[in-house]
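*Asks:* Below: one structure in structure tokens.
The values are calculated or read from the model by the stated rules, or taken from the named source; none is laboratory data. Please read all numbers here as calculations on a predicted model, not as lab measurements. All Cβ positions, glycine included, derive from the backbone under ideal geometry; neighbour counts span all protein chains shown. Quick note on the areas: whole protein, heavy atoms, side chains included, nothing else; ligands and nucleic acids left out. Shrake-Rupley method; radii C 1.70, N 1.55, O 1.52, S 1.80 Å.
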Amino acid sequence: MSPRPATGPKKAGGRGPRQSPAGHGAGYRVLIYSHDSFGLGHLRRCRAIAQALVERQKKLNVLILSGSPIIGRFSFPARVDFVRVPGIIKLRNGDYTSLNLHVNVEHTLALRASIIEHTAQAFDPHLFLVDKEPWGLLGEARATLSMLKRRGRCRLVLGLRDIMDEPGLLAEEWRRKRVMPALERVYDHIWVYGLPQIYDPVRAYRFPPQVAAKTVFTGYLRRKPQPEPRLSQEVSAALQNGPFLLVTPGGGGDGADLVDAALSAYERSDGRLPWPAVVVYGPFLPAHRRDAFERRAAGLRRVTTLTFHEHLENLMEKAAAVVCLGGYNTFCEVLSLNKRSIIVPRVTPRAEQLLRATAAQKLGLVQLLHPDRLSPETLTEALLRLPEQPPPASHQIPGLLDGLRHINAAVERWRMGAEESRRAHVG
């Protein structure tokens, strides 16, 4: 299924489109909303889309709205910038709290909502791309969506990863958040960053016909190595010593068990394992766990550690194989860089990673090790099998990594339509 053709911009209040505050010289403007304050998944996905858009289209600018506390640690290409809203995190009991501000969460939400709306008013986007949460975190983007819908000059697109959660749990969550009315009446398009051969949310989540009609499966988002940042001498030396195993728990906030099992496997069976290891903890691994792991890793001749790496895809490209959690971005990188992998998926609070890894294993794309079975022994056994595992590209799935190409094609068509409409209006 391909994106629908663009329609011309609507008129607001029966009048022709007014000149935007950003000015016609600003080109086509894309505003991307990424709500997360914890973890790297949403931010890395939005950043990949932004980078792909400006690489392909010169008359286009992207602004990312993000709650990530570490967004400033990432570099962005020309014509991509970000606005950081105050952070909010979800506690284990399901409550939310402010990340850094010593104010209540309601005050922080009001501040975030105001920043989001005023940014949208000033930037005046042609396209507003919302990542995952249709109304924004706790409804914070509702006013912005309503304002842009009334103006009638901006396409509203919801971007969904391939899998949200187990269908029964997601149905209850979406009922509580009144998601379906947003999908039916607010959004013009829905992009699913995946393929139905792996998971079909239209069927699994029972999209109504009018929602299914505006839903497009783009394919997964292809990743590629970036210009190499400066690495420490120790890590550079490890990469030059030949093939290695990359161990990555993503952002690291819930990856301590994976790192612990990997270090234990090398403590017990280093001589049997096929490759030395480079372990990237992730910026959200608790400091006390990282310190304990560092003491253990210091005694392991074939293990090198790194807290954070902006371009993880660069390390993965050089790796012989990968051990990871089953997050969306890491999965895309495993496919894009054609790496043999062992996925140890997170199973709480959402079943997303387990569902994805189970489907991918059935297609021969990855090796799944359920976290309930994770131990130094089971990980060692899986690692010993890994050199004989066929890489993902040996299983041909048409359109598997076409996501960025589909997105670029749709946005380019809409941009050209907007430029033709502007020229006609000026003429």
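*Asks:* Which entries of LYS149/LYS177; LYS149/LYS224; LYS214/LYS339 have Cα-Cα distances beyond 26 Å here?
*Replies:* Pairs exceeding 26 Å: LYS149/LYS224; LYS214/LYS339.
*Asks:* Still on this model: For Cα pairs less than 8 Å apart in space and 6+ apart in sequence, what is the mean separation divided by the residue count of segment 75-179, i.e. the relative contact order in percent?
*Replies:* Relative contact order of segment 75-179: 19 percent.
*Asks:* Once label points are set 7 Å from the Cα along Cα→Cβ at both ALA78 and ARG301, what is their separation, rounded to one decimal in nm?
*Replies:* Spacing of the two 7 Å Cα→Cβ label points: 5.0 nm.
*Asks:* Please list 362-368, 260-266 highest first by mean number of surrounding beta-carbon atoms within 10 Å per residue.
*Replies:* Ranked by mean Cβ neighbours within 10 Å, highest first: 260-266, 362-368.
*Asks:* Okay, moving on. Mind listing the long-range amide H neighbours of ALA277? Cut-off is under 5 Å, sequence gap 5 or more, other chains count too, H placed in the peptide plane at 1.01 Å from N.
*Replies:* Answer set, sorted by chain and number: LEU245, VAL303, THR304.
*Asks:* Sorted by mean Cβ packing within 10 Å, highest first, what order do the peptides 241-247, 149-155 take?
*Replies:* 241-247, 149-155
*Asks:* With the other protein chains left in place, how much accessible area per residue, in square angstrom, belongs to segment 266-347 at a 1.4 angstrom probe?
*Replies:* 35 Å²
*Asks:* Rg and Dmax of the chain, using alpha carbons, in Å: what are they?
*Replies:* Considering the chain through its Cα atoms, Rg and Dmax are 22.2, 75 Å.
*Asks:* Related question: Taking the Cα-to-Cβ direction at LEU384 and at GLN233 and moving 7 Å from each Cα, how far apart do the two end points lie in nm?
*Replies:* 3.8 nm
*Asks:* Per 0.36 nm of contour for each residue apart, how much would the distance between GLU184 and HIS395 grow if the chain were fully extended, relative to their Cα-Cα spacing?
*Replies:* That works out to 72.3 nm of additional length.
*Asks:* Please work out how much length the chain gains when fully extended from PHE308 to LEU101, using 0.36 nm per residue of separation minus the C-alpha to C-alpha distance, in nm with one decimal.
*Replies:* 72.0 nm
*Asks:* Carbon and sulfur: what percent of the chain's accessible surface (1.4 Å probe)?
*Replies:* For the chain, the apolar C and S fraction of the accessible surface comes to 51 percent.
*Asks:* Based on the alpha carbon coordinates of segment 28-183, what radius of gyration and maximum Cα-Cα distance (Dmax) apply, in Å?
*Replies:* 15.3, 46
*Asks:* Kindly identify segment 302-409 as rounded, prolate or oblate by the Cα gyration tensor criterion: order the square roots of the eigenvalues as a ≥ b ≥ c, call it rounded if a/c is under 1.5, otherwise compare a/b with b/c, prolate if a/b is larger, else oblate.
*Replies:* rounded
*Asks:* For the chain, with a Gaussian network of springs between Cα atoms less than 10 Å apart, report the residue from SER68, SER269, SER114 with the top mean-square fluctuation.
*Replies:* Of SER68, SER269, SER114, the Gaussian network model singles out SER269 as fluctuating most.
*Asks:* Residue by residue through segment 245-259, which ³J(HN,Hα) values in whole Hz follow from phi under the Karplus form 6.51 cos²θ - 1.76 cosθ + 1.60 (θ = phi - 60°), with glycine and proline marked x?
*Replies:* Running phi through 6.51 cos²θ - 1.76 cosθ + 1.60 with θ = phi - 60° gives 9, 8, 10, 9, x, x, x, x, x, 10, x, 4, 5, 5, 4 Hz.
*Asks:* More than 16 angstrom separation, counting every C-alpha pair in segment 180-295; what % is that?
*Replies:* In whole percent, the share of Cα-Cα pairs in segment 180-295 beyond 16 Å is 74.
*Asks:* What are the residues whose amide H is under 5 Å from the amide H of VAL192, where those residues sit 5 or more places off or on another chain and H is modelled from the backbone?
*Replies:* LEU160, VAL216, PHE217, THR218
*Asks:* Whose amide H sits under 5 Å from the amide H of ILE88, counting only residues 5 or more places off or on another chain, with H placed in the peptide plane?
*Replies:* For ILE88, the qualifying residues are SER37, LEU99.
*Asks:* So, one more: With both bridge residues required to lie in the chain, what share of the DSSP beta bridges run antiparallel, to the nearest 5%?
*Replies:* DSSP beta bridges in the chain are roughly 10 percent antiparallel.
*Asks:* Another question about this same structure. Which of the peptides 395-402, 316-323 is most tightly packed, and how do the rest follow, going by the mean number of other Cβ atoms within 10 Å of each residue?
*Replies:* My ranking of the peptides, most packed first, is 316-323, 395-402.
*Asks:* Roughly what % antiparallel, to the nearest 5, for the DSSP beta bridges in segment 61-152?
*Replies:* Antiparallel bridges make up about 40 percent of those DSSP assigns within segment 61-152.
*Asks:* Still on this structure, I have one more. Using only the alpha-carbon atoms, what does segment 351-427 span along each of its principal axes? Please give whole angstrom values in decreasing order.
*Replies:* 72, 27, 17
*Asks:* Report, in degrees rounded to the nearest 10, the 0 to 90 angle that the Cα long axis of helix 142-151 makes with the longest principal axis of the chain.
*Replies:* Result, in degrees: 40.
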